[in-house]
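Asks: Please find one structure pasted underneath; my questions will follow.
The values are calculated or read from the model by the stated rules, or taken from the named source; none is laboratory data. Fair warning: this is a prediction, and the values are worked out from it, not measured in the lab. Ideal geometry is used to build each Cβ from the backbone, glycine not excepted, and the neighbour counts take in all protein chains shown. Protein only, heavy atoms only, side chains kept; ligands, DNA and RNA dropped before computing areas. Shrake-Rupley method; radii C 1.70, N 1.55, O 1.52, S 1.80 Å.
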Amino acid sequence: MLAQAQKSIDFWAVTGSDDDVAMFKRVAEGFRKKTGIEVHITPLSWGNFATKYFTSMAAGMPPDIGATNLGGPMDYGSVGGLVDLNKEFPGEIEQLKAHIFPNLLPICTWRGQLFGVPAEMSTLAVFYRTDIFGRLGIEPPKTWAELEMAIKRLDAAGFHYYFGFTSRAQWAMGIYSMPYDLYGLSVRPDDTVQVDWMNPKYQRAVMRALDLWNIHDSPGSDQGDRVAGMFKADDPKIACPMVIEQPNIYLQFKVADPEIDGKWKVIPWPKAEDGKAFNIVGGTTYVIFRKSKHKREAFEWLKYLYSVEAQEAMIVDHANRKIDSSFQVSPLTDMWQPQADAFWARPEVASVLPLKQALAQSMPSLTTLPPVHGASDAALLESDIIDRMGTFLLDEYSSAAGAHGITRWELMQRFAKGQYADEQASLQERAAQHLHDEYAVAAPKAKAIIEDAMRSWDKRFGKVIGNMTSFEQKSNVLTVIKWVAALFLGVLAAMVVALPRYRKHWASYAFIAAPVIAAIVFIFVPAATALYLSMTQYHPVLPLSSAIWTGLSNYAEVISSGDLYKSIARTALFLVISLPISIGISLPLAWFLNQPLIAQRYWRFLYFSPMVTSIVSIALIFTQLFLSSIQGWLNSALLALHLVRDPIQFLHSERSFLYSVITVAIWQGLAFNILIFLAGLQQIPQQLYEAAAVDGASVLRRFWAISLPGIRPQMAFICILGVIGGFQVFEPIYVLGGGAGEAGTKFGPNGSGMTMVPLVYHTGFETFEMGKSTAIAYILFAIILVFSLVQLRLFRGKDSA
């Protein structure tokens, strides 16, 4: 027990449910009884934990210890934000590491420093229906060749299969390339950069993944909430007798689908026939923050979490949550050794024993790869290639199917039966050549990105991290700006007190004091600080005093890069389509609501309801509408009406993603536009309409000659706000793109939704180039200002004319 009793530490946990919070609280109570240390649990959802961590670190108020994703140790530790466990707790951490699978530690290690330890792991498992496999004569796949044969047999019989975890994920490409020791992106011991993308074996590995994800008409990963129903179904139209997913889904099948007990099994991810065993790992890590005031207590909590006692408690908790039951893949070797058999024989975990036995075969091959500076930026190039290749494959197979007058799925079934073999080979050859051409362009760029990142990292951060304390004690620009603001407010107050002509109006100044102070504190100070940062190199975790002045170089770099112009082009497309259509729909509806109607309140409620609905809720609803399979509401209708042969990939194709976002934005914005137009129409004197009617003017003529001129101020208001809102669009793109995941935010396939604000977010909070991010933000501000002034001038000119 520690001598310091009654101390408390803050623990932030990235969790999937309230059950996790309750579990950690119970474990923390056991820890308190042993040590006297209180642990305060703060849950973080996957969608926003990185932003919260960086915000707390930038403010100098991080938790003592936290759970983050596998990339967290590199992201936070390499800029001096985390404790090096090797240095801080040398003997104890070696004892702890001896009980953790060694292949899981590389991702937490950087230049000999250990910034975290793996917490809870995720990997791939294969679930299959034994009855359907037996009926079709399919053997459970143990190798990749057997997996391909099983899929081919399922295709031929009209069955689908489901691929969930790691589907279309660039960060998981190692599962296909690492059996051949091809890292994709790596740095050799002599610091030379290795990019394996042009290696024929690597490209064959990528093609294998692309085939699994795209060409078998399998339900997309957006069908995750339906996978249990698809797995237990027997109708080939909807059934998925083979599911490739995380182990967690095991207990969902056990609890939700008891009627198929005894008809399914789980096996490990198959092995490559000609390569070594390798299984991809996702999950979380525990890290201790450098700013923690209770590092020793935090480390004691970390050690307790890795005790057999705590691991057993968490496994039991996960296994007994009814419909939310899951399986915790422990990184602790002790839980997989024969001495743990007595625990696994306990009734509380009997339900997960078959899964444990299957995963025991995979655990030695679970591996993480060493982090590489600049790899996240370089990996974006490959991620975009994967997106483009997905679209390419779907287009090629759809075109081939159309030539035969059949659907893409029917073509796949015929391929599986051995028909059109030459055509299938030709399609595969074209796809392989297209992938080769894509990599030929991207590989040199990726190497240059990593080499530049490695050079700049030492130059930019080496001195700062080595003298962190001195930089933290230095004054910074924010301090100066706050003093300037305080001096300005003091001068204003002194003028009111000292000058008689101001003093006699002191009551008026007292009323406006609060908004003036709020504007200075919450607008001027942040805006001035951001303007300064836009002319510096600055990482948000480091002290603000470490920002390096670069002048206008950030603006020059942003303007010269293609990313800015692409984002402006996407934003312009969004505006050109969404604003006119929104006005064109909302104005007639407002005119309609302005007429005498039966149940007028009902109609107004109906049209105004989107205005009071969260954009996130709306986007989630539209996500179901746009599902890229027959289960999608819109696809189901189009297929039923025979308007399309195959489901449209609304959210998975770079060609349709932004248009899907535009549809959501138009629908959500209608209510506000209707309200403004309705208010304008109600201000027009009714006598004008009556006089026009007496003179014989038609309804259309009255609308054109009276209504439109009468709502010109409202039209100007809607146009200005529409342009501002279009340039600032973010939420629907963020939600429809899938939100933030383990490898960062996905703003649509191939970055097709990367408009201006998403570019600001990505640059500042995912690549941590805060100077460039604020430069983009000020360019955005200038664009909006110019457009607003031009529109005001145009509308004022019409009014004066």
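Asks: For Leu589, work out the one condition from (1) in contact (Cβ under 8 Å) with a residue 60 or more places away in the chain; (2) farther than 23 Å from Ile718 by Cβ; (3) assigned to a helix (DSSP H, G or I) it doesn't fulfil.
Replies: The single condition Leu589 does not satisfy is (2).
Asks: So, Met57, is that one buried (at least 20 other Cβ atoms within 10 Å of the Cβ), hydrophobic (A, V, I, L, M, F, W, C) and more than 30 Å from Val352 (Cα to Cα) or not?
Replies: Considered against the rule, which asks whether it is buried (at least 20 other Cβ atoms within 10 Å of the Cβ), hydrophobic (A, V, I, L, M, F, W, C) and more than 30 Å from Val352 (Cα to Cα), Met57 comes out as yes.
Results for (1) open to solvent by 10 Å² or more (accessible area, probe 1.4 Å); (2) in a helix (DSSP H, G or I); (3) among the basic types (Lys, Arg), shown as yes or no for each residue.
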site: Ser351; (1), (2), (3): yes, yes, no
site: Lys356; (1), (2), (3): yes, yes, yes
site: Val372; (1), (2), (3): yes, no, no
site: Glu382; (1), (2), (3): no, yes, no
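Asks: Leu369: in contact (Cβ under 8 Å) with a residue 40 or more places away in the chain, within 30 Å of Asp452 (Cα to Cα) and among the aliphatic types (A, V, I, L, M), yes or no?
Replies: Considered against the rule, which asks whether it is in contact (Cβ under 8 Å) with a residue 40 or more places away in the chain, within 30 Å of Asp452 (Cα to Cα) and among the aliphatic types (A, V, I, L, M), Leu369 comes out as yes.
Asks: Keeping to the range 328-339, report how many residues are in contact with a helix residue (DSSP H, G or I) (Cβ under 6 Å, 6 or more places away or on another chain) and either β-branched (Val, Ile, Thr) or at pLDDT 90 or above (or both).
Replies: 6
Asks: Tell me, which residue of the range 625-659 that is farther than 22 Å from Trp213 by Cβ, out of contact with any helix residue (DSSP H, G or I) (no Cβ under 7 Å at 6 or more places or on another chain) and part of a helix (DSSP H, G or I) is most open to solvent (accessible area, probe 1.4 Å)?
Replies: Tyr659
Asks: Let me ask something else about it. For the range 167-218: of the residues being among the polar types (S, T, N, Q) and open to solvent by less than 30 Å² (accessible area, probe 1.4 Å), which is nearest to Gln424 (Cα to Cα)?
Replies: Asn214
Asks: Look through the range 409-419, keep the residues that are open to solvent by less than 70 Å² (accessible area, probe 1.4 Å) and touching a residue at least 12 places away in the same chain (Cβ under 8 Å), and return whichever of them is nearest to the chain's Cα centre (by Cα).
Replies: Trp409
Asks: Return the residue satisfying two criteria in turn: it lies in the range 583-612 and is surrounded by 13 or more Cβ atoms within 10 Å (Cβ to Cβ) and farther than 26 Å from Gln686 by Cα, and of such residues it is modelled with the highest pLDDT.
Replies: Pro610
Asks: Let me ask something else about it. All but one of (1) at pLDDT below 90; (2) within 27 Å of the chain's Cα centre (by Cα); (3) among the hydroxyl-bearing types (Ser, Thr, Tyr) hold for Thr391; state the number of the condition that does not hold.
Replies: Every condition holds for Thr391 apart from (1).
Asks: Is it the case, given these coordinates, that Thr42 is modelled with pLDDT of 90 or more, open to solvent by less than 10 Å² (accessible area, probe 1.4 Å) and not charged (D, E, K, R)?
Replies: No: the conditions fail for Thr42.
Asks: Taking interchain pairs and intrachain pairs at least six residues apart, which have beta carbon atoms under 7 angstrom, with the first residue in the range 481-495 and small (Gly, Ala, Ser) and the second surrounded by 14 or more Cβ atoms within 10 Å (Cβ to Cβ)?
Replies: Ala485/Ile520; Ala485/Phe524; Ala485/Val525
Asks: I'd like the full set of residues that are farther than 22 Å from Ser351 by Cβ and open to solvent by less than 30 Å² (accessible area, probe 1.4 Å), limited to the range 242-271.
Replies: Selection gives Pro270 alone.
Asks: To continue, here is another question. Specify the residue that is modelled with the lowest pLDDT; the eligible residues are those in the range 475-505 that are in contact with a helix residue (DSSP H, G or I) (Cβ under 7 Å, 6 or more places away or on another chain), open to solvent by less than 80 Å² (accessible area, probe 1.4 Å) and part of a helix (DSSP H, G or I).
Replies: If we take residues in the range 475-505 being in contact with a helix residue (DSSP H, G or I) (Cβ under 7 Å, 6 or more places away or on another chain), open to solvent by less than 80 Å² (accessible area, probe 1.4 Å) and part of a helix (DSSP H, G or I), then Tyr502 is modelled with the lowest pLDDT.
Asks: Run down Ser456, Ser508 and say which single residue is surrounded by fewer than 17 Cβ atoms within 10 Å (Cβ to Cβ), among the polar types (S, T, N, Q) and closer than 30 Å to Glu382 by Cα.
Replies: Ser456
Asks: For the structure I just gave you, tell me whether Met121 is buried (at least 19 other Cβ atoms within 10 Å of the Cβ) and under 30 Å from Phe253 (Cβ atoms).
Replies: Taking the combined requirement at face value, the residue satisfies it.
Asks: Hey, can you tell me all the residues within the range 232-259 that are out of contact with any strand residue (DSSP E or B) (no Cβ under 8 Å at 6 or more places or on another chain), touching a residue at least 24 places away in the same chain (Cβ under 8 Å) and part of a helix (DSSP H, G or I)?
Replies: The answer is Lys232, Leu251, Gln252, Lys254, Val255, Ala256, Glu259.
Asks: If Phe343 satisfies all but one of (1) in a loop (DSSP other than H, G, I, E, B); (2) open to solvent by less than 40 Å² (accessible area, probe 1.4 Å), what's the number of the condition it fails?
Replies: (1)
Asks: On to the next question. Got at least one residue in the range 771-779 being modelled with pLDDT under 80 and basic (Lys, Arg)?
Replies: No, the range 771-779 contains no residue that is modelled with pLDDT under 80 and basic (Lys, Arg).
Asks: Among the listed residues Gly229, Gly262, Gly283, identify the single one that is in a strand (DSSP E or B) and small (Gly, Ala, Ser).
Replies: Gly283 is the lone residue from the list that is in a strand (DSSP E or B) and small (Gly, Ala, Ser).
Asks: Further question: Mind checking whether some residue in the range 396-413 is in contact with a Leu (Cβ under 8 Å, 6 or more places away or on another chain) and in a loop (DSSP other than H, G, I, E, B)?
Replies: Within the range 396-413 (the criterion being in contact with a Leu (Cβ under 8 Å, 6 or more places away or on another chain) and in a loop (DSSP other than H, G, I, E, B)), the answer is yes, since at least one residue qualifies.
Table: residues versus (1) under 30 Å from the mean Cα position of the chain (by Cα); (2) in a loop (DSSP other than H, G, I, E, B).
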| residue | (1), (2) |
| --- | --- |
| Lys152 | no, no |
| Asp155 | no, no |
| Tyr162 | yes, no |
| Trp171 | yes, no |
| Tyr183 | yes, yes |
| Ser186 | yes, no |
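Asks: Can you say whether Thr109 is closer than 16 Å to Leu305 by Cβ and of a type in the set (S, T, N, Q), as far as the supplied structure shows?
Replies: No.
Asks: Give the number of residues within the range 521-546 that are in a loop (DSSP other than H, G, I, E, B) and modelled with pLDDT under 90.
Replies: 6
Asks: Same structure, new question: Could you tell me which of the residues Asp75, Asp10 is within 17 Å of Thr285 (Cα to Cα), open to solvent by 20 Å² or more (accessible area, probe 1.4 Å) and outside any helix (DSSP H, G or I)?
Replies: Asp10
Asks: Scanning for something surrounded by fewer than 18 Cβ atoms within 10 Å (Cβ to Cβ), of a type in the set (A, V, I, L, M), under 18 Å from Val187 (Cα atoms) and in contact with a His (Cβ under 9 Å, 6 or more places away or on another chain), does the range 440-451 turn up at least one residue?
Replies: no
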